[in-house]
Amino acid sequence: MPKIESVDHLTEYRRQIRAQRDPKQQQILVCSGPGCLPLGSTEVAGAFQEQMQEKGLQGKVILKSTGCHGLCAHGVRVLLRPQEIAYQKVTPEDVPEIVETTLIGGKVVERLVYQDPDSGQTAVHKSEIPFYQGQKPLVLRKLDEIDPESLDDYLVVGGYRTLRKVLFKMSPEEVIDAVERSGLRGRGGAGFLTGRKWRLCRQVPGEVKFVICNGDEGDPGAFMDRAVMEGDPHAIIEGMIVGGYAIGAHQGYIYVRHEYPLAVKRLTQAVAQAREFGLLGNNILRSGFDFDIKISQGSGAFVCGEETALIASIEGNIGEPMPRPPYPAQKGLFGMPTVINNVETWANVPEIINMGPEWFAALGTEKSKGTKVFSLVGAVNHTGLVEVPMGTTLRQIIFELGGGIPGGREFKAVQTGGPSGGCIPKQFLDLPVDYDSLQEVGSIMGSGGMIVMDTTSCMVDVARYFISFLFEESCGKCTPCREGLRQLLNILNDITSGEGKEEHITLMEEICTTMASASLCGLGQSAANPVLTTLKYFRAEYEAHIRDKKCPALVCRPLLTYTIDPEACTACLACVRECPVGAISGPKKEAQHIDQDICIKCGRCHDVCQFDAVKVE
Amino acid sequence: MEEVGLLINGIYLKVPQGYTLLQAAQQLGVDIPTLCYHPELPSEGNCRLCVVEIGEYPRTRLVNSCTYPVEPGLNVQTHSEKVLQARRIVLELLLARAPKAKLIQDLAAEMGIHESRFKSEDPYELCVLCGLCVRTCREIVGVSAISMANRTPGKLVTTPFLEPSDACIGCGSCAFVCPTEVIPYIEKDGKRIIWGREFELVRCNVKLEQKLKSISTVKL
Amino acid sequence: MDVERLESILTQYEGYPQDLIPILQDIQDQYHYLPKDELKVVAQRLNVPLTKVYSVATFYKMFSLIPKGRHQLRVCLGTTCHLKGGQRLLESVSSHLGIEPGYTTADMQFSLETVGCLGSCAQAPVMMVDDKYYARMTIDKVSKVLKLYKE
Ligand SMILES: Cc1cc2nc3c(=O)[nH]c(=O)nc-3n(C[C@H](O)[C@H](O)[C@H](O)COP(=O)(O)O)c2cc1C
Ligand code: SF4
């Protein structure tokens, strides 16, 4: 890689690599995103490599492992360009056929294309798949196109174009103006106006300032930021250079959780490339602006996603939040004014500068501009990453893009905003998804996790799950959160194990109110949301647990009884082997029986029975 | 020094810039209960007992008065229903945590709470994790022999590795500042035992310099 | 204490207090736990109180003060995994290994942990052994996966 000396040199270099590339050349793009990786995308890519060698296709065909292609449900996904043929559920065994039939023979392998779960209709090309049709990818746009480990790939699609504009033609104030006019709001949860945050920080006097990218993404059920960090790391770096220039910072930090080893690797690599190339470091492209980035790794603490805790963590301390004011924009990292933004926020910045704030502001709703990436998971047919304009309704996302609920079951609730969010019931399916509407129904946008639940989910169990998660993760600094979560968990454990009392509901409500109003940081302040929303929308379920000692969704195990249907039992003894307490017995080659006095209701017999003979009530 | 004017419980007053809301309220003679606050130590806002309500209805919120700085024109309520409700629950939660701690019992009784409705996991627990001892050891004594360990489920004040600490000078300041008298501390036969270590007590020779010297040369 | 081994980590840092967490991460990666004597040296070298090192070491979930096994088994308990039976998966793994989450087998082969979310929610329930993901796990796959790692 050459060292780029000036902005004209950058343009010239981009022109050169573009000239070397033939847009008609055959490309195989194997998804190695968060969904496909565990399904074996590395092996699939390896199989392509082998086949290409065998068939003498090297040099003629380009093979790339890319970021997330979005439709994780049907991984491993392979996209063939320029035909735009999208194959799904590809295994290494399918690869010879793809190479033979499609690459050499020019025909489609029908059994590997998308098929609608209801109508059975197929779609060969990406653009014909309903999942992609309602989307508006800005942040995810390049993910299925570029090799995240190649700076050249990023440059070819127009990467680092903003630097000419920002560093040479715009003043820092003009940059802030543009971001402010775009209406961009923080994608990390609270939805604070990004331009305003930058302006506040710029106005604080001081020579040394910092920008931070919050890549902690601790919300369970969310992997948007992971996909962007792994799939398009340079977009984040480019956004941070712009932000650094705007507020007058010369050092940036990217804080990534260590549970994302690939994201750490890709970002580290990308920063090194950018530095080597001359896009980071002193006097970037001879603009006189110095800026560099360090990678900081989290060590497993959800609370470190909170900005003041994150700062404490970079400084080498325990991740305890600090009371605000002072805000990080006034007094942040090492006591210096600091702007901290979410991964997706940063990744939006280059496009806002390139296309102009008005273009961005034209997308979305009046108060929530642009698009938002969601990780659509749970009880939905098309699990994956979606990016839609703000204001798209929940129904559109879950039923049109997501393809509805599998197994013909009924939609029950959608959980947004992670542990700080709430469960939204059916009557709000037509709610437009934006910061304010979600807040009105008791949830939050959060970072973009969207977990769909059907009738097999128990809402009391869901509340207990989030409270137990938060109890483990709360830093323990302040009383309402530490002791409040402890007591909420006690109560919810009681309710889900049949020990619930009528007064528990009021007690929970009282704790929730105080946690929300009096906790020190956002973790405690929003920890009540999962409980409050489920109490509000699914109260009858709580009452069934408390009064009738029943779990209507058949989830809370202490409230269930397991029995074996003698008609269905084949005496295979799988359950007998699995039962940890030896509660199952019976005569040889005859139906087995569960001794209710010994049974600990772990449900493992039910899980292993191949014949549906274990009944639950 | 520049002054800032604000409203506390409807009364307008002026206080020096940089004052916290707690200091301003104290100047006015308004009593706000505190637990983890100490005028000689940096405030951390842990206990949340000192919360007050700020802002204009309906957009008000609670902040802890021990760290929140005064702002011109700020409207502060120190004993609104929202504040009292929060204080009550905080005390009830603390009472469940440390049911035998005298100070918590007293503070709770002042708010009309004599028994907690919540489960008590350890009826003998006294520590309320206010962190005064940790801050005193770090900021005043300057040795940092004790600190908090773990997160919420198992948070506690301890010496490193739960072992006698080399850094401890046996001064007993932590035990002295502790509001619930939980730090184990024995003094007998001219010896003081604290945090698992034994220190020989030396008669005071008036001069502080010498006193410090003797403390730091004690035998193990 | 293996002085050289620790030294090879420490020399990569300039010795500022903010190097504490990265240093502990390196020690954890290499030793699979944070040995007490090493922590004392780290405190001295960075000129921070031992209490600070200890509170950091006990605050973050990644760190362990007791030795970990050769293979790190992480069962995801993210929301989606929870809804899709992550807890049962955990119980099954736990009974196969004969240890509770947070513990290590007596032969020091496996350490079992839970994790908040691995970010592969579309393939729930997920577990990870060292750096390898196992997607869409079921109870009957558990013993097969474990066998791959047993001596
Ligand atoms: C408990 C807690 C966890 C958080 N986790 C994250 C996170 O994982 N990622 C993130 O970007 N913001 C997170 N936030 C929000 C940050 O504090 C902060 O508001 C955000 O990074 C600001 O960036 P934005 O304005 O671009 O959204 C969290 C907040 C709280 C209270
Ligand atoms: S609200 Fe919870 S996480 Fe936040 S400071 Fe208080 S105890 Fe810590």
Residue in the range A:469-476 that is within 14 Å of chain B (Cβ to nearest Cβ), closer than 27 Å to residue A:402 by Cβ and either more than 12 Å from ligand 2 (Cβ to nearest atom) or surrounded by fewer than 24 Cβ atoms within 10 Å (Cβ to Cβ) (or both) present: yes
Top-ranked residue of the range A:504-545 - restricted to ones that are of a type in the set (Val, Ile, Thr) and open to solvent by 40 Å² or more (accessible area, probe 1.4 Å), ranked as nearest to ligand 1 (Cβ to nearest atom): A:513
Selected residue [away from ligand 2 (no atom under 16 Å from the Cβ) and within 14 Å of another protein chain (Cβ to nearest Cβ)] from A:339, A:386, A:349: A:386
Residue in the range C:96-116 that is under 16 Å from residue A:72 (Cβ atoms), open to solvent by less than 20 Å² (accessible area, probe 1.4 Å) and of a type in the set (Gly, Ala, Ser) present: no
Test: residue in the range A:453-461 that is open to solvent by 10 Å² or more (accessible area, probe 1.4 Å), more than 7 Å from chain B (Cβ to nearest Cβ) and assigned to a helix (DSSP H, G or I): yes
Residue within the range A:374-387 that is farther than 22 Å from residue A:229 by Cα, surrounded by fewer than 23 Cβ atoms within 10 Å (Cβ to Cβ), out of contact with any Ser or Thr (no Cβ under 9 Å at 6 or more places or on another chain) and in contact (Cβ under 8 Å) with a residue 24 or more places away in the chain present: yes
Members of the range C:3-21 that are free of Cβ contacts under 8 Å to residues at least 12 places away in the same chain and open to solvent by 80 Å² or more (accessible area, probe 1.4 Å): C:3, C:4, C:11, C:14
Enumeration of residues in the range A:403-414 that are buried (at least 24 other Cβ atoms within 10 Å of the Cβ) and modelled with pLDDT under 95: none
Single residue of the range A:185-240 satisfying the filter (open to solvent by 10 Å² or more (accessible area, probe 1.4 Å) and among the aromatic types (Phe, Trp, Tyr)) that is nearest to ligand 1 (Cβ to nearest atom): A:192
Looking only at the range B:19-30, and only at residues there that are open to solvent by 60 Å² or more (accessible area, probe 1.4 Å) and in a loop (DSSP other than H, G, I, E, B), the one that is farthest from the other protein chains (Cβ to nearest Cβ): B:29
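Okay, residues lined up against (1) over 30 Å from residue A:406 (Cβ atoms); (2) free of Cβ contacts under 8 Å to residues at least 40 places away in the same chain:
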site: A:16; (1), (2): yes, yes
site: A:26; (1), (2): yes, no
site: A:34; (1), (2): no, no
site: A:45; (1), (2): no, yes
site: A:53; (1), (2): yes, yes
site: A:57; (1), (2): yes, no
site: A:67; (1), (2): no, no
site: A:73; (1), (2): no, no
site: A:80; (1), (2): no, no
Residue satisfying condition, being surrounded by fewer than 21 Cβ atoms within 10 Å (Cβ to Cβ) and either of a type in the set (Phe, Trp, Tyr) or within 12 Å of chain A (Cβ to nearest Cβ) (or both), within set B:69, B:33: B:69
Residues of the range C:62-84 classified as in contact with a Cys (Cβ under 9 Å, 6 or more places away or on another chain), assigned to a loop (DSSP other than H, G, I, E, B) and more than 12 Å from chain A (Cβ to nearest Cβ), total: 0
Selection within the range A:391-402 - in a loop (DSSP other than H, G, I, E, B) and either open to solvent by 10 Å² or more (accessible area, probe 1.4 Å) or touching a Pro at 6+ places or on another chain (Cβ under 6 Å) (or both): A:391, A:392
Qualifying positions in the range B:132-164 - over 22 Å from residue B:44 (Cβ atoms) and either among the basic types (Lys, Arg) or assigned to a loop (DSSP other than H, G, I, E, B) (or both): B:163, B:164
Residue within the range A:324-333 that is in a helix (DSSP H, G or I), at pLDDT 95 or above and not hydroxyl-bearing (Ser, Thr, Tyr) present: yes
Set B:139, B:163: member being within 23 Å of the chain's Cα centre (by Cα), at pLDDT 90 or above and surrounded by fewer than 17 Cβ atoms within 10 Å (Cβ to Cβ): B:139
Residues (in a strand (DSSP E or B) and surrounded by 24 or more Cβ atoms within 10 Å (Cβ to Cβ)) located in the range A:432-450: A:449, A:450
Residue A:553 vs. criteria within 16 Å of ligand 2 (Cβ to nearest atom) and in contact (Cβ under 8 Å) with a residue 60 or more places away in the chain: no
Single match in C:39, C:24, C:46 (criterion: within 25 Å of residue C:118 (Cα to Cα), at pLDDT 95 or above, touching a Leu at 6+ places or on another chain (Cβ under 8 Å) and open to solvent by less than 20 Å² (accessible area, probe 1.4 Å)): C:24
Extreme residue, farthest from ligand 2 (Cβ to nearest atom), among residues of the range A:287-310 that are open to solvent by less than 10 Å² (accessible area, probe 1.4 Å) and more than 10 Å from chain C (Cβ to nearest Cβ): A:291
Every residue from the range C:85-118 that is outside any loop (DSSP other than H, G, I, E, B), over 10 Å from the mean Cα position of the chain (by Cα), within 11 Å of another protein chain (Cβ to nearest Cβ) and not hydrophobic (A, V, I, L, M, F, W, C): C:86, C:87, C:88, C:91, C:92, C:94, C:95, C:96
Only one of B:90, B:76 that is open to solvent by less than 60 Å² (accessible area, probe 1.4 Å), within 20 Å of residue B:21 (Cβ to Cβ) and in contact with a Cys (Cβ under 9 Å, 6 or more places away or on another chain): B:90
Which listed residue, of A:107, A:126, A:142, is over 17 Å from residue A:403 (Cα atoms) and either assigned by TED's automatic domain parsing to the domain that holds residue A:269 or surrounded by 19 or more Cβ atoms within 10 Å (Cβ to Cβ) (or both): A:142
Per-region count, the range A:477-517, residues free of Cβ contacts under 8 Å to residues at least 60 places away in the same chain, within 8 Å of chain B (Cβ to nearest Cβ) and part of a loop (DSSP other than H, G, I, E, B): 1
Candidates A:94, A:116, filtered to the one that is modelled with pLDDT under 95 and not assigned by TED's automatic domain parsing to the domain that holds residue A:226: A:116
Which numbered condition residue C:140 fails, given (1) at pLDDT below 90; (2) assigned to a loop (DSSP other than H, G, I, E, B); (3) open to solvent by 50 Å² or more (accessible area, probe 1.4 Å): (2)
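The values are calculated or read from the model by the stated rules, or taken from the named source; none is laboratory data. Worth saying up front: this structure is predicted, and the values here are computed from it rather than measured. Counting neighbours? That spans all protein chains shown, and the Cβs are built from the backbone with ideal geometry, glycine included. All accessible areas refer to the heavy atoms of the entire protein, side chains included, with ligands and DNA or RNA removed. Shrake-Rupley method; radii C 1.70, N 1.55, O 1.52, S 1.80 Å.
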